[in-house]
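Q: Structure provided below as structure tokens; questions to follow.
The values are calculated or read from the model by the stated rules, or taken from the named source; none is laboratory data. All figures in this text were calculated on a predicted structure; none of them were measured in a lab. When we count neighbours, we look across all protein chains shown, and the Cβ atoms used for this are built from the backbone with ideal geometry, even at glycine.
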Amino acid sequence: MAIALVLVLVVAGSILFHVFSPWWWTPIASNWAYIDHTISITFWITGIVFAAVVLFMAYCVYRFRHREGNRADYEPENRRLETWLTVVTGVGVAAMLVPGLFVWSQFVTVPADATEVEVIAQQWQWSFRLPGADGKLGTSDTTLVTGENVLGVNPEDTNGQDDVVVSAADLHLPIGKPVKMLLRSIDVLHDFYVPEFRAKMDMIPGAVTYFWFTPTRTGTFEVLCAELCGTGHAFMRGVVMVDTDEDYLAWLGEQQTFAQMSAPQQTGMAD
Amino acid sequence: MVDITQSGAEHVPPAEVGEVDLYHPHSWWTKYVFSQDAKVIAIQYSGTAIAIGMVALVLSWLMRLQLGFPGTFDFITPEAYYQFITMHGMIMVVYLLTALFLGGFGNYLIPLMVGARDMVFPYVNMLSYWIYLLAVLVLVASFFAPGGPTGAGWTLYPPQAIMTGTPGGQDAGIVLMLVSLALFIIGFTMGGLNYVVTVLQGRTRGMTLMRMPLTVWGIFTATVMALLAFPALFVACIMMLFDRLLGTSFFMPSIVEAGEQLAYGGGSPILFQHLFWFFGHPEVYIVALPAFGIVSDLISTHARKNIFGYRMMVWAIVGIGALSFIVWAHHMYVSGMHPYFGFFFATTTLIIAVPTAIKVYNWVLTLWRGDIHLTIPMLFALAFIVTFVNGGLTGLFLGNVVVDVPLSDTMFVVAHFHMVMGVAPILVIFGAIYHWYPKMTGRLLDETLGRFHFWVTFVGAYLIFFPMHYVGLMGVPRRYSELGDMSLLTDSAHSLNAFISIMAFIVGFAQLVFLFNLIWSIRHGKDAGPNPWRATSLEWQTAETPPTHGNFGKELPVVYRWAYDYSVPGAKEDFIPQNEPGTYPAARGH
């Protein structure tokens, strides 16, 4: 009999925990509130199903527990009931899948006016590259990486000369402008993940992956690597600062371009 | 499709071929060590699987020590932590769950339940176990190899799996892991062919496919799947071995490591992921389907009621098995594969929820108007439904591609798969052991220790994994050797982690009580008799308990009815064994 009570407590405890526990997602800082809504719909549907199934079980265990002289019913099949349950399940599943696929199509359709920002991962740090005045990123390749050209930017490509290189430092983004994050790795798999932006994507050496989002509030956000990348995985952190336009331009003005960084260094060489 | 029969007797075909004699052991060695008896092989498989499973349990304690009390235990370096999680995951999924369900329960139950004297290829069956043991020993050897075992995560994703930044990547660890997996697959294939052919060819007279207990259906379908899925892992392992040892580039693109260009180029890391998950997703159901089958029989027997919707249950097992081959890339939504794959794989993944839900409905509808005996196997079956429904429903979050994006690679995923393919199938394993131990030993497991084991395991495991979902919902990534000062982590979340760790130690302790019970009851358990649960299926109708070599004495049983004739109106007892020829007008089985 204890089991019937415990089953009821499992349902009640789970719901109370869900409602009252302090552990919940971080305040959102991107346009992907749709994803949060889809999660909420899924919580509702699955929560109702969970409670219904477990409470039904608890009732059965209580009501049909063995007592002297009891005998079970004999009912091998019930076509109508089985069909009915299948249809209801199908509808419930569709109610979660349809909004999910709708939001996914938005997630994978990058707006035409999105600015490209490249993220380069390596064990165990983050670097970034922004297009220069021409608005285009130059080509790049892992085989071009050297001690001086740490991101493997193609020196022959004129589009790349004015690219802004942010090596192992914080990335700044302007608020309210869609960005397409182009993701590269030069060694193993990594994953660029900022919980507040809700989006993440693996980075694969030899390929360029992407996702897009629009930052919706200013602030400092922590970048976490979300794909196991070796012993330093947990320490592979970075910072993204979402700025007002003014702050962003001020920061941008302080950064060096690829051409400036590759120019022969004058200072210090004389000694 | 409908073949409802009023009386079974005239449907039993005459024997078409004579019996083939078995190989009978001549010495202690061939009886207990190099035995060709499926029941002995089953116990060898189970013993080895449980032994290596205890290693995985200790590893889980070590990683929970680190997560619950960060910085307290100096010996748990990041290297050690990643080795713990990798070996824990691989042991649990492959060397414990797969081996125990198929090699253990499959060997013991298939011949007995279908009315065969043994597996059809007993010698190959014996080889299967010894190769499995070799695979386990190679795996264990990696703990003692220079550099220790691999720390690549159980998914072994290249390139990091074979690079210096990962423990064991450039040492022996990864090589031993891949060799061990290849051996496991060779050994499994030998056993697996046996299970499939025995079900197809070795059934006794009258045992039609649609009269088989669902346990056999679950193990049979899982084995067919494993025979189709494991080869993908096999080729992936061999190719990675070549990349590691011969310098080929199947999975290795151009890479810069510590400022140096490596000699690799042109390979595809994502190709490995497709091969791995083409195996890896069916693997989830290779573990789940035997559990589905077994739990159906536990519920039916202990609720004294036929399983509700038997034919639907069979088709759901087969349907889930087939569908599970076209959902693999839902593990790869954020892998960087073409985003349009997401539409296809999210749709197939959510479709699989329908046959899975049907199974859940039929389990709970079997309880409806039953005569529920709250025995220990029944308690474990009920706990299975709770944890499986919970874990199955969180699968709807992760399967629905866009919802997966924020949750993927977080502790939410860890909580989900532990609930659905860790806790739930293991609860079934426990239920099954309490249920069939009397047949294997002739004695019942101790009731008091059993109830203690049940309550601590069920309540404890739920308290470990239910709150863990919310840690993931906050955004805490999985596979972090140390959470450190992550900006999103509050102090209360650290306390929650400590709580989860303490629960993990308590639940682990309860398993030691279970092990004690297993050993103690061999001699001191209550005498069980041949059929303590008053069950219908053939393994309970053997001449001796435990059954001897050849299972059924002089004459093989002849089957007249399905395995679910419980509480048939008009019958004197509340169960009719499958081999009882009597005519019962109210019986509506197959």
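Q: Could you please give the count of residues in the range B:151-174 that are out of contact with any strand residue (DSSP E or B) (no Cβ under 8 Å at 6 or more places or on another chain) and within 12 Å of chain A (Cβ to nearest Cβ)? So that I can check it myself, show each step before the final result.
A: Pass one, the range B:151-174, residues out of contact with any strand residue (DSSP E or B) (no Cβ under 8 Å at 6 or more places or on another chain): B:151-158, B:160-162, B:166-174.
Filter once more, keeping what is within 12 Å of chain A (Cβ to nearest Cβ): B:151-158, B:160-162, B:166-170.
Counting residues in the range B:151-174 that are out of contact with any strand residue (DSSP E or B) (no Cβ under 8 Å at 6 or more places or on another chain) and within 12 Å of chain A (Cβ to nearest Cβ) gives 16.
Q: Report, by residue number, each residue of the range A:246-267 that is part of a loop (DSSP other than H, G, I, E, B) and either farther than 23 Å from A:F192 by Cα or acidic (D, E) (or both). Before you say what the answer is, go through the steps one by one.
A: To start, the set of residues in the range A:246-267 that are part of a loop (DSSP other than H, G, I, E, B) comprises A:254-255, A:263-267.
Matches in the range A:246-267: A:E254, A:A263, A:P264, A:Q265, A:Q266, A:T267.
Q: State yes or no: is A:T231 over 25 Å from B:R478 (Cα atoms) and in contact with a helix residue (DSSP H, G or I) (Cβ under 9 Å, 6 or more places away or on another chain)? Break it down stepwise before answering.
A: Working: over 25 Å from B:R478 (Cα atoms): no; in contact with a helix residue (DSSP H, G or I) (Cβ under 9 Å, 6 or more places away or on another chain): yes.
Considered against the rule, which asks whether it is over 25 Å from B:R478 (Cα atoms) and in contact with a helix residue (DSSP H, G or I) (Cβ under 9 Å, 6 or more places away or on another chain), A:T231 comes out as no.
Q: Of all residues in the range B:262-278, which are of a type outside the set (V, I, T), more than 18 Å from A:G230 (Cβ to Cβ) and either assigned to a loop (DSSP other than H, G, I, E, B) or within 9 Å of chain A (Cβ to nearest Cβ) (or both)? Before you say what the answer is, go through the steps one by one.
A: Start the filter on the range B:262-278 by keeping residues that are of a type outside the set (V, I, T), which leaves B:262-269, B:271-278.
Retained after the next criterion (residues that are more than 18 Å from A:G230 (Cβ to Cβ)): B:263, B:265-268, B:271, B:274-278.
Listed by number, the residues that qualify are B:A263, B:G265, B:G266, B:G267, B:S268.
Q: Consider the range A:140-191. How many of its residues are at the interface with another protein chain (Cβ under 10 Å from one of its Cβ atoms) and assigned to a strand (DSSP E or B)? Lay out the reasoning, then the answer.
A: Step one: list which residues in the range A:140-191 are at the interface with another protein chain (Cβ under 10 Å from one of its Cβ atoms), which gives A:141-147, A:150, A:152, A:183, A:185-191.
Imposing the further condition that a residue be assigned to a strand (DSSP E or B) reduces the set to A:183, A:185, A:190-191.
Number satisfying all stated conditions: 4.
Q: With B:P532, B:P581 as the choices, which residue is under 22 Å from B:H373 (Cβ atoms) and either at pLDDT 90 or above or surrounded by fewer than 16 Cβ atoms within 10 Å (Cβ to Cβ) (or both)?
A: On the way: B:P581 fails: under 22 Å from B:H373 (Cβ atoms).
Matching residue, one of B:P532, B:P581: B:P532.
Q: I would also like to ask the following. Evaluate the following for B:V327: is it among the β-branched types (V, I, T), in contact with a strand residue (DSSP E or B) (Cβ under 9 Å, 6 or more places away or on another chain) and more than 30 Å from B:D574 (Cβ to Cβ)? Steps first, answer last, please.
A: Details: among the β-branched types (V, I, T): yes; in contact with a strand residue (DSSP E or B) (Cβ under 9 Å, 6 or more places away or on another chain): no; more than 30 Å from B:D574 (Cβ to Cβ): yes.
No.
Q: Can you pull out every residue in the range B:77-99 that is over 26 Å from the mean Cα position of the chain (by Cα) and among the β-branched types (V, I, T)?
A: Hit for the range B:77-99 is B:T77, nothing else.
Q: Any idea which residue in the range A:6-36 is surrounded by the most Cβ atoms within 10 Å (Cβ to Cβ), counting only those that are within 19 Å of the chain's Cα centre (by Cα) and free of Cβ contacts under 8 Å to residues at least 12 places away in the same chain?
A: Start the filter on the range A:6-36 by keeping residues that are within 19 Å of the chain's Cα centre (by Cα), which leaves A:23-36.
From the residues that got through so far, the ones that are free of Cβ contacts under 8 Å to residues at least 12 places away in the same chain too are A:23-24, A:33.
Working: A:W23: 19, A:W24: 10, A:A33: 11.
That would be A:W23.
Q: Let me ask something else about it. Residues of the range B:479-503 being within 8 Å of chain A (Cβ to nearest Cβ) and either of a type outside the set (S, T, N, Q) or under 20 Å from A:K200 (Cβ atoms) (or both), which ones? Working first, answer last.
A: First, the residues of the range B:479-503 that are within 8 Å of chain A (Cβ to nearest Cβ): B:479-484, B:486-488, B:490, B:492-493, B:496.
B:R479, B:Y480, B:S481, B:E482, B:L483, B:G484, B:M486, B:S487, B:L488, B:A493, B:L496 - these are the residues of the range B:479-503 that are within 8 Å of chain A (Cβ to nearest Cβ) and either of a type outside the set (S, T, N, Q) or under 20 Å from A:K200 (Cβ atoms) (or both).
Condition check ((1) out of contact with any Gly (no Cβ under 7 Å at 6 or more places or on another chain); (2) basic (K, R); (3) more than 12 Å from chain A (Cβ to nearest Cβ)) across all residues:
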position	(1), (2), (3)
B:G392	yes, no, no
B:L396	yes, no, no
B:V402	no, no, no
B:F430	yes, no, yes
B:W436	yes, no, yes
B:K439	yes, yes, yes
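Q: Restricting to the range B:462-473, count the residues that are in contact (Cβ under 8 Å) with a residue 60 or more places away in the chain and either surrounded by fewer than 19 Cβ atoms within 10 Å (Cβ to Cβ) or facing another protein chain (nearest Cβ under 7 Å) (or both).
A: Qualifying residue count for the region: 4.
Q: A further question on this structure: Can you name the number of the only condition in (1) touching an Asp or Glu at 6+ places or on another chain (Cβ under 8 Å); (2) at the interface with chain A (Cβ under 9 Å from one of its Cβ atoms); (3) part of a helix (DSSP H, G or I) that B:A357 fails?
A: Here B:A357 clears every test but (1).
Q: Just the residues that are surrounded by 24 or more Cβ atoms within 10 Å (Cβ to Cβ) and either under 14 Å from B:I238 (Cα atoms) or of a type in the set (A, V, I, L, M) (or both), please, taken from the range B:164-177.
A: Across the range B:164-177, the qualifying residues are B:I174, B:M177.
Q: While we're on this one: Are any residues in the range A:1-28 in a loop (DSSP other than H, G, I, E, B) and at the interface with chain B (Cβ under 8 Å from one of its Cβ atoms), and if so, which ones? Reasoning before the result, please.
A: Quick first cut of the range A:1-28, residues in a loop (DSSP other than H, G, I, E, B) only: A:1, A:21-28.
The answer is A:M1, A:S21, A:P22, A:W23, A:W24, A:W25, A:T26.
Q: Could you grab me the full set of residues in the range B:515-552 that are assigned to a helix (DSSP H, G or I) and either in contact with a Pro (Cβ under 9 Å, 6 or more places away or on another chain) or basic (K, R) (or both)? Don't jump to the end; show me each part of the working.
A: So in the range B:515-552, the residues assigned to a helix (DSSP H, G or I) come out as B:515-524, B:538-541.
Once the filter is applied, which keeps residues that are assigned to a helix (DSSP H, G or I) and either in contact with a Pro (Cβ under 9 Å, 6 or more places away or on another chain) or basic (K, R) (or both), the range B:515-552 yields B:R523, B:L538, B:E539, B:W540, B:Q541.
Q: Identify, by number, the condition in (1) part of a loop (DSSP other than H, G, I, E, B); (2) at pLDDT 95 or above that B:A316 doesn't meet.
A: (1)
Q: Turning to a different aspect of this structure: Mind listing whichever residues of the range B:60-76 are within 31 Å of the chain's Cα centre (by Cα) and among the hydroxyl-bearing types (S, T, Y)?
A: Residue satisfying the conditions is B:S60 alone.
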